[in-house]
1. Could you check E29 against (1) under 27 Å from H183 (Cα atoms); (2) in contact (Cβ under 8 Å) with a residue 24 or more places away in the chain and say which number it fails?
2. When the residues of region 113-127 are filtered to those that are in contact with a helix residue (DSSP H, G or I) (Cβ under 7 Å, 6 or more places away or on another chain) and over 22 Å from R170 (Cβ atoms), which remaining residue is surrounded by the fewest Cβ atoms within 10 Å (Cβ to Cβ)?
3. Within region 10-51, take every residue that is farther than 24 Å from A76 by Cβ and acidic (D, E) and give me the one that is surrounded by the most Cβ atoms within 10 Å (Cβ to Cβ).
4. Scan region 73-93 and give yes if some residue there is in contact with a helix residue (DSSP H, G or I) (Cβ under 7 Å, 6 or more places away or on another chain) and polar (S, T, N, Q), otherwise no.
5. Being buried (at least 18 other Cβ atoms within 10 Å of the Cβ) and within 18 Å of H102 (Cβ to Cβ) is the filter here; which residues of region 70-81 pass it?
6. Name the residues in region 168-179 that are under 14 Å from the mean Cα position of the chain (by Cα) and either in a helix (DSSP H, G or I) or polar (S, T, N, Q) (or both), would you?
7. Among the residues of region 61-83, which ones are assigned to a loop (DSSP other than H, G, I, E, B) and farther than 16 Å from D116 by Cα?
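The values are calculated or read from the model by the stated rules, or taken from the named source; none is laboratory data. Not measured: the values here are computed from a predicted model. As a convention, Cβ positions derive from the backbone with ideal geometry for all residues, glycine included, and neighbour counts pool all protein chains shown.
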Amino acid sequence: MASVIQRIKKPTTRRGKKALLSRDPKPVEGPKQCIFMQGRKPSERTREVLKDMYNLKKPDAAYLTRKNDFVPFEDATLIERLCYKKEAALFGVGSHSKKRPHNIILGRTFNYGILDMIELGADAYKAMSEFQNMKVLPGLKPCLLFNGPAWELNQDLKQLKSLFTDFFHREKVETIRLQGLEHVLSFTATDDGVIYLRVPREARTLKKKNISRDAFGSKLGRVHIGKQEIGRLQTRKMKGLRKTPQEKKQMRIKSKMAKKAKKATAE
């Protein structure tokens, strides 16, 4: 049998060359891309969890609303194909069933193949939209707090901690400005395997009066000015606007008549 020679087909268009260059390794890698997708019969709670994670991850994430009838632990070809299409290294899948209610699966890929997956269940959840003045700006870098020694002693929790760090990790920073710290995610692990995720009340930003921010994060202020009386404003004196002697005489007569009328009404 003749051996099959594997040929490497080079791109012939400029767009194809640009697409291949974007997939090549880079000296300094940027934030990892992520996709959030719907599994088999997702519940409203799982949608809210994935939507909030998407808001914290964007613009380095894609939220897919189409439902997919598959089980990731049995067949992960759909995840690998979508990760290759979106050039994503992280993924999240939400589903719901009687045996696994409000199921959330988070995982990572390497070279567009499944590296690891962790299955979680959302027993109770309150979406960020239910909090007052809870706005998430694109490109947010939240601070992660892992409470309890179980995150270092338990191997499963240690792997989950690494997964959460990969999900919310962005550019490496050397210093932190406390005024720019807007969101803090606190993870607490108990001895019975329950994990609590919450936003500490002390870290929530309080709304300041007459101060807002636009979609790009710029601060906008509103200044309230009292009623302006234009008649009393000092304007530039011009010769053409001076009153004539006849106009001045009429003004004096009007003022005298007004004073006499005022005295007559008082008597």
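1. The single condition E29 does not satisfy is (2).
2. For region 113-127, the residue satisfying everything is G113.
3. Top of the filtered list is E48.
4. Within region 73-93, none of the residues are in contact with a helix residue (DSSP H, G or I) (Cβ under 7 Å, 6 or more places away or on another chain) and polar (S, T, N, Q).
5. Initially, region 70-81 is screened for residues buried (at least 18 other Cβ atoms within 10 Å of the Cβ), giving 72, 76, 79.
Within region 70-81, just P72 meets the criteria.
6. Matches in region 168-179: F168 only.
7. Taking region 61-83 first, the residues assigned to a loop (DSSP other than H, G, I, E, B) are 68-76.
Answer for region 61-83, where residues must be assigned to a loop (DSSP other than H, G, I, E, B) and farther than 16 Å from D116 by Cα: N68, D69, F70.
For every residue, the table says whether it meets (1) at pLDDT below 90; (2) surrounded by fewer than 18 Cβ atoms within 10 Å (Cβ to Cβ); (3) under 26 Å from the mean Cα position of the chain (by Cα).
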| position | (1), (2), (3) |
| --- | --- |
| T65 | yes, yes, yes |
| N68 | yes, yes, yes |
| L90 | no, no, yes |
| V93 | no, no, yes |
| S129 | yes, yes, yes |
| K135 | yes, yes, yes |
| L144 | yes, yes, yes |
| G148 | yes, yes, no |
